[in-house]
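The values are calculated or read from the model by the stated rules, or taken from the named source; none is laboratory data. Computed from a predicted structure; not experimentally measured. Virtual Cβ from ideal backbone geometry, glycine too; neighbours counted across all protein chains shown. The accessibility values were calculated without ligands, DNA or RNA, using every heavy atom of the protein model including side chains. Shrake-Rupley method; radii C 1.70, N 1.55, O 1.52, S 1.80 Å.
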Amino acid sequence: MDFELPSHLNDVRDSVRRLIAAEIEPVMAEREHRGEFPRDLVRKMGEAGLFGAAFPESVGGSALGFLAVAVIAEEISRFRPEFGYCMNMQAMTCPFTILNWGSEAQIRRFVPDLIAGRKIGMFALSETGGGSDAAGSMKTRAERKGDRYVLNGSKMWITFADACDAGVLFAKTDPSAGHRGVTAFIVEPKSGKGFTANPIPMKSLSSILRSNAVFLEDFEVPVENRLGQEGEGFKVAMNALDYGRLTVAARLVGLAQACLDASTGYATERVVGGHALGRYQMIQHLIADMSVNVEAARLMTQRMAWLMDQGEPATRAAARAKYLASQAARHAAQAVAEIHGGYALADEYKVQYFTAYINMLNVGEGAANVQRILIAEDALGYKNANRHRVRRHDAKAAE
Ligand SMILES: Cc1cc2nc3c(=O)[nH]c(=O)nc-3n(C[C@H](O)[C@H](O)[C@H](O)COP(=O)(O)OP(=O)(O)OC[C@H]3O[C@@H](n4cnc5c(N)ncnc54)[C@H](O)[C@@H]3O)c2cc1C
């Protein structure tokens with residue numbers, strides 16, 4: 001057992017930090033003002049290899065593995081959480097799902113461009129009926145007509161849909177078959193008529209890297225863009241969420257770390273009643289708890305990544321890591337606000353900015369209660385969390 005990060009991953013982490021400081025930090029205020037999706041910045045990140053760590057070199061990845069993904073996602077979120085979305089849309093839930101379930105032709109056509117940031121991805125599962133029961137409440141319909149499927153319905157909260165070139169979308173090909181009637185598709189929103197993405201106004205989050213309500217009206221998808229078989233979509237989605245949970249857990253760790261950084265910085269500088277806040281015992285309690293929680297969540301997340309690197313099933317580890325990381329981050333959000341007092345509300349201190357992303361990630365990729373249900377049912381022996389069969393790139397797992 002070795003708890004040290006391999007030294008090359010420390011280098012990877014430093015390179016992420018440098019790229020954000022040099023290319024993103026100086027321009028973001030102006031970009032938010034301009035209001036356009038920052039395609040060039042996503043591309044810079046892709047070209048720097050930030051999205052391809054878990055992908056084989058044959059598709060343009062660096063084959064560094066999932067531990068590298070966790071390190072990169074944590075570091076991006078620690079400094080610019082709005083770009084953390086890219087670790088799902090450009091790295092895990094979108095292109096890795098295509099790598100896992102796609103034909104060789106689909107992989108060649110979509111994966112290299114997505115992980116290089118040349119194409120913008122998305123992962124369109126949730127609908128208004130309740131994201132926690134995505135398959136059960138799914139109303140979006142795909143009807144086969146000759147060599148095409150015709151899609152009608154709507155999706156909710158779909159991140160990057162307004163900029164997307166190629167993403168994964170789920171629809172029911174057989175509405176009478178429950179979750180067995182769901183099919184996955186690779187959709188290219190700009191390829192034809194009938195795909196509309198309306199950004200959802202959310203003042204506390206970025207206005208350019210954003211989520212959307214999506215409407216599909218007779219939107220056509222060629223049969224060759226079906227991902228997997230008809231009726232296999234639920235398995236595709238659940239498998240994709242395991243990968244998504246790795247980056248979401250790591251992103252929450254990065255945000256919790258950002259809250260801890262801000263808290264220690266502020267508590268050592270701010271003098272109240274003749275002493276730095278950090279000298280007061282009640283403030284120290286908050287800092288101590290944050291520090292322990294962040295480290296525990298990081299270890300759990302990195303262990304999940306390690307399991308994935310061994311090719312072992314990691315659904316149980318994913319649920320635990322995501323749940324613990326979201327608890328750690330929520331505690332950190334509360335503590336950083338308490339330590340900053342009234343200044344927590346001033347934009348200058350970024351407390352609200354980090355808190356908004358923590359709240360968002362607390363629900364994303366399965367809300368906290370959904371993780372708790374999974375963890376408890378596994379512990380009680382009702383449902384083995386690792387029961388799902390997994391695909392090609394989880395080489396050692398049972399097929
Ligand atoms: C900013 C943002 C970006 C997003 N991006 C995407 C995206 O790109 N693609 C995508 O597909 N989705 C995306 N989502 C959707 C996200 O995955 C859902 O919000 C999430 O799955 C929860 O669904 P819901 O919001 O409908 O909550 P609901 O399902 O309505 O749940 C509400 C609350 O009830 C709890 N709950 C639900 N069921 C139970 C139960 N059985 N027992 C106890 N408690 C329960 C949940 O834990 C939650 O706290 C995004 C969401 C946000 C906010």
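Details
- Among the candidates Val236, Val253, Val248, Val221, residue that is open to solvent by less than 10 Å² (accessible area, probe 1.4 Å), β-branched (Val, Ile, Thr) and part of a strand (DSSP E or B): Val221
- Test: Gly49 is open to solvent by 10 Å² or more (accessible area, probe 1.4 Å) and in a loop (DSSP other than H, G, I, E, B): yes
- Within segment 108-125, tally of residues that are open to solvent by less than 10 Å² (accessible area, probe 1.4 Å) and away from the ligand (no atom under 16 Å from the Cβ): 4
- Residue within segment 309-323 that is outside the structural domain of Pro201 (by TED's automatic domain parsing) and in contact with a Cys (Cβ under 9 Å, 6 or more places away or on another chain) present: no
- Residues in segment 356-377 that are open to solvent by less than 30 Å² (accessible area, probe 1.4 Å) and either more than 19 Å from Gly244 (Cβ to Cβ) or not aromatic (Phe, Trp, Tyr) (or both): Ala356, Ile358, Leu361, Asn362, Gly364, Gly366, Ala367, Ala368, Gln371.
- Taking every residue in segment 194-210 that is hydroxyl-bearing (Ser, Thr, Tyr) and pairing it with any residue that is open to solvent by 60 Å² or more (accessible area, probe 1.4 Å), at least 6 positions away or on another chain, the pairs with Cβ-Cβ distances below 9 Å are Thr196/Phe215; Thr196/Glu217; Ser204/Gln352; Ser204/Asn359; Ser207/Pro201.
- Close pairs (6 angstrom Cβ cut-off, 6 or more residues apart or separate chains): open to solvent by 50 Å² or more (accessible area, probe 1.4 Å) in segment 1-28, β-branched (Val, Ile, Thr) anywhere: Arg13/Val71
- Verdict on Leu99 being at pLDDT 95 or above, touching a Cys at 6+ places or on another chain (Cβ under 8 Å) and either within 21 Å of Met45 (Cβ to Cβ) or away from the ligand (no atom under 16 Å from the Cβ) (or both): no
- Considering residues of segment 256-293 that are hydroxyl-bearing (Ser, Thr, Tyr) and assigned to a helix (DSSP H, G or I) only, the residue surrounded by the fewest Cβ atoms within 10 Å (Cβ to Cβ): Thr268
- Take the conditions (1) surrounded by fewer than 16 Cβ atoms within 10 Å (Cβ to Cβ); (2) out of contact with any strand residue (DSSP E or B) (no Cβ under 6 Å at 6 or more places or on another chain); Ala163 misses just one of them, which is (1).
- Pair list, Cβ under 6 Å, 6 or more apart: segment 351-365 residue closer than 15 Å to Leu260 by Cβ and within 9 Å of the ligand (Cβ to nearest atom), other residue open to solvent by 20 Å² or more (accessible area, probe 1.4 Å) and of a type in the set (S, T, N, Q): none
- One residue stands out among those in segment 338-350 that are more than 21 Å from Ser326 (Cα to Cα) and among the hydrophobic types (A, V, I, L, M, F, W, C): the one that is nearest to the ligand (Cβ to nearest atom), which is Leu345.
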